[in-house]
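Only one structure is covered here, and it is reproduced in the block below.
The values are calculated or read from the model by the stated rules, or taken from the named source; none is laboratory data. None of these values were measured; they are calculated from a predicted model. Using ideal geometry, Cβ is built from the backbone for each residue, glycine included, and neighbour counts are taken over all protein chains shown. Ligands, DNA and RNA are excluded from the accessible area calculation, which covers all protein heavy atoms including side chains. Shrake-Rupley method; radii C 1.70, N 1.55, O 1.52, S 1.80 Å.
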Amino acid sequence: SKQAALMEVLKKEVRAMLIAAKAGLTPEQLEEQYMAMVCKPLPLHDLGFQSTLELVTQMPEVVRICSSKSGTLILKAIADDSTKGIAKLVANQKVKTRKASKKTAMKANATFPTKNSKNPQSFQTLSARTPVLPAAVKAELQDLLSSSPLRLMDLDKAFLRHFGRAFQYRQYGFLSMFEVLRSMSDSIVIEQTKAGSLVVLRKYMASQIEQEEEPQAASAAEMPPLGPIPEIESFHQAALLVDSEPVQTQAVDLGDHLKQVNVSGDDQTHSDLVIALCGIQSQFFSDLLVLSAEIPPDAVQDRSLCSLPPLKRRCLVGVIVEFIVSPSQFYIHVCSTEASYKLQDLMFEMRHVYSHKVASDKYIMPESAVRPGQLCCVMVCKWWYRVIIHRVINDQEVEVFYADYGHLQIVQKSWLRFLKWHYLKLPAQAIPCSLAWVKPVEGTWSSAAILLFKHLCRFKELVGIVDEYVDGVLYLFLCDTSSKEDVYFHSVLRDMGYADVCGENVPSQEFEKLNPSALYVQPSGKQGNPRAVEPDLCLQQESQDEDSETATLKLDGAEL
């Protein structure tokens, strides 16, 4: 039969995938590996199974089901005569183990370039890095799962339906959807159910537990992440009363207007209720118009965002390059759990608050406030971002600078809103940077050099080696440690004939022409004594002693 033939083919595919995985795979990992290899989900329904676990239990000659120390189910291959040789080779492969934390390894192994060095000094191999998702993409996944869990096999379709585009996780450096979800294990969990692997938001699980303990509590799908706007809630209550059938008594709670009206069926009484509610509604909108004519007291008008504190010289730090103009002008995000959470939380809160029409209308900016240098926020694809108006294009459009991401964009004036004072606290997250010790061979960077640099940086966590700050711009070396050999970007640009390595930092021509961060973001040192700090980051390296000043420098085996 067709089912039997399909099952035989599937057994060969499953055995091949499990043999290649020395440590075995969890059921959800098997689903992802199959999707990546075959480009379609496991044919569970075609074979009459409800879950991957149910499927593999019917392959006792192919799959051995084990349990890890933590209780996680692990699937391992049972080799047949034709695959025993491959299984033996995989079993003999060495697995790298880490005996120390990344931070300790950095301190033990890494060395730094020095401007006084005449000869190359050795850069030691850095520990491999895993890819990471940008904060905006993490926020999208959390938003997708905020109303209800999704089956793993349905996640791609749900993302496409919700956001209108496919989730291209490979462009961020991930090989499978499971790797993506594993990188977000602090906020997303995968549960095994009869229906298959279920992707659940941890906050949703917590609310479900609370609901079981307190049956009266509302479900997670009904509860917004933040409290509803009181004016909206009260107005909806009033509207429901007008549209509903009369009952014995109704209490209308509209702020200070608390009334109890008898509506036992008398038409006159019902008319009185409608008139009373319409009067309250009219007063509500009158008050709202008065408020909207004035700038809200918590709207930011003459303040600027502050920059992040400067990084300590020669420290190692995990970074993601967010926006690139050239190797001499780009913006980075520092990789730290705390910073990532703060930016995500800010985006969620702004989306929730400004998505309410009453609140959004309250912060509409009058024409007089739409001027260069004004800090505000803008909505793009249902998300709100902190921006500074760079220039007014015409009556309809302005160009804005994204303080947390580093790029300029032309947007509609109607998309702008005043920024609430509360959203001023988080420093601007984008750090203006230039690649240290390099200059273009032709005087300006060629399009090929820029394209290569963008390819090197593309959606992956890199190791940044801080050199110095010049006029508010961070000069640093960038290294990709995700492969067997560390790749230093200035060496690649030099070897390809696009750059000269000069041993000192040449001022960026691009930032000299335009540096929006310098124009609109206040240096953190102005609020107190300027002092370099060591951030709470996953990668950090103490300064080397004075002896390193006389050491030699070798970059990927080639002398400067």
Mean accessible area per residue over the stretch 135-202 (1.4 angstrom probe, all protein chains present, square angstrom) is 44 Å²
Amide H contacts under 5 Å for PHE323, restricted to residues at least 5 apart in sequence or on another chain and with H modeled in the peptide plane, are TYR331
What order do LYS138, LYS76 take when sorted by accessible area (1.4 Å probe), most exposed first? LYS76, LYS138
Leaving ligands, DNA and RNA out of it, rank VAL334, VAL317 by accessible area with a 1.4 Å probe, largest first. VAL334, VAL317
Enter the per residue convex hull volume of the stretch 2-90, computed from alpha-carbon coordinates, in Å³ rounded to the nearest integer. 96 Å³
Got a number for the accessible area of TRP415? Probe 1.4 Å, square angstrom, nearest 10. 100 Å²
Whole angstrom only: what separates the Cα centroid of the stretch 16-71 from the Cα centroid of the stretch 413-482? 42 Å
In this structure, among LYS11/LYS157; LYS413/LYS513; LYS439/LYS460; LYS413/LYS460, pairs with alpha-carbon gaps over 32 Å are LYS413/LYS460
Counting only protein heavy atoms and leaving out ligands, DNA and RNA, the solvent-accessible surface of SER434 at a 1.4 Å probe, in Å² to the nearest 10, equals 0 Å²
Put ARG371, ARG417 in order of accessible area, largest first, 1.4 Å probe: what do you get? ARG371, ARG417
Give me the percent of the accessible area of the stretch 2-90 that comes from carbon and sulfur atoms, probe 1.4 Å, all protein chains in place. 58 percent
Shape category assigned to the stretch 135-202 from the gyration tensor of Cα positions, a/c cut at 1.5: rounded
With a probe of 1.4 Å, find how much accessible area the stretch 347-443 has per residue, and write the answer as a whole number in Å². 40 Å²
I'd like the accessible area for ILE410, computed on protein heavy atoms only with a 1.4 Å probe and all protein chains in place. Round to 10 Å², please. 80 Å²
Over the Cα atoms of the stretch 315-517, how large are the radius of gyration and the largest Cα-Cα distance (Dmax), in Å? 18.7, 58
If you take every residue apart from ALA430 with its C-beta less than 9 Å away from the C-beta of ALA430, what net charge results, scoring Lys and Arg +1 and Asp and Glu -1? -2
